[in-house]
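First comes the structure, then the notes that go with it.
Only the coordinates and a few stated rules stand behind these numbers; no lab work does. These numbers were taken from a predicted model, which means no experiment stands behind them. For neighbour counting, all protein chains shown are included, and Cβ atoms are generated from backbone atoms with ideal geometry for every residue, glycine included.
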Amino acid sequence: MSAPPPKSSQLDPAWEVPAHIAIIMDGNGRWARQRNLPRLAGHRAGTENLRRVIRACAEFGVRYLTIYAFSTENWARPREEVEGLMEIMREFIDRELDELDAEGVQIRHVGKLEGVRPELQAKVREAIERTRGNQRLVLNVAFNYGGRDEIVRAVRLIVQEGIPAEEITEETIADRLYTAGVPDPDLVIRTSGEVRTSNFLLWQSAYAEWYFTPVFWPDFGREHLLEAIADYNRRERRFGRVLDPDE
Ligand code: IPE
Ligand code: IPE
Ligand code: MG
């Protein structure tokens, strides 16, 4: 008789799988430095890893996966790195689109397309268009995304629409964010040991559970994702309430 697989390699049927997981994919540069490789090699390894994590999310029944791929602040990196990241994004779409589409992944973009090279803009639009009807997993790609930028944009839209101040509610704002229509993330994961938001989903993560791991993004695999989901299941989400008033 073969030994049962280690518990961590399987999803426990009693667990609640977060409907929406958001990931700050951090640590590509340090992963590369540890191996004496250029930073771009780390970004390539990170992109390879993304395939694994998307597949694991689909397997576990996650409905929405939001990944932070490039922030509005990342433009301040050396030109060569920025160019390399744009190229990697383009290659990723070219290489993965058919398979993602076949697997029922709906690709959405959160962030600004302005400022991004026209060829890449066209690729992103094609990916969105092609996968629009897919239902298995919604993949929100946060690319040229910043949480503050997103809120400023929402405020501008509200002013342009002439909405009276007293009519503005939380929904008025939420409906004008890039994530309009997407439920808030239940679990936000940041790899690489950094413990900060770096301008990611500022509004949407108000009541998310945060999970920080020292693992660098290229090494963050299916097992690590399972551990994050297990940890999520040990949390008590209170949303400001008292769960058992008699205790
Ligand atoms: C995350 O890895 C990817 C992007 C920000 C595009 P980093 O490039 O930030 O890796 P570290 O933090 O320098 O290790
Ligand atoms: C956040 O990581 C952005 C992405 C993962 C795309 P950074 O590496 O850019 O964040 P800081 O600079 O460490 O805060
Ligand atoms: Mg980083």
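A protection proxy built from the mean count of other Cβ atoms within 10 Å ranks the segments 49-60, 184-195, 163-174, 235-246, most packed first, as 184-195, 49-60, 163-174, 235-246. Region 181-200 and region 126-158 have Cα centres separated by 15 Å.
A Förster radius of 51 Å, combined with the Cβ-Cβ distance separating ARG79 from ILE168, puts the computed FRET efficiency at roughly 0.80. Each peptide in 10-19, 36-45 receives the mean, over its residues, of other Cβ atoms within 10 Å, and ordering these scores from highest gives 36-45, 10-19. Stretching the chain fully between TYR207 and ALA122 yields a gain of 27.1 nm (0.36 nm per residue, less the alpha carbon separation). Is there a quick way to get the dipole size of region 105-224? I mean about its Cα centre, with the Cβ of Lys and Arg at +1 and of Asp and Glu at -1; what is the value in debye to the nearest 20? Here region 105-224 has a charge dipole of around 560 debye.
The listed peptides 176-182, 92-98, ordered by packing as a protection proxy, come out as 176-182, 92-98 (highest mean of other Cβ atoms within 10 Å first). Calculated mean residue ellipticity, 222 nm, the chain: -13000 deg cm²/dmol, from DSSP H runs (n ≥ 4) at -39500 (n - 2.57) each, averaged per residue and rounded to 500. Here each label is just a point 7 Å from Cα along the line to Cβ, and for ARG156 and GLU129 those points are 2.5 nm apart.
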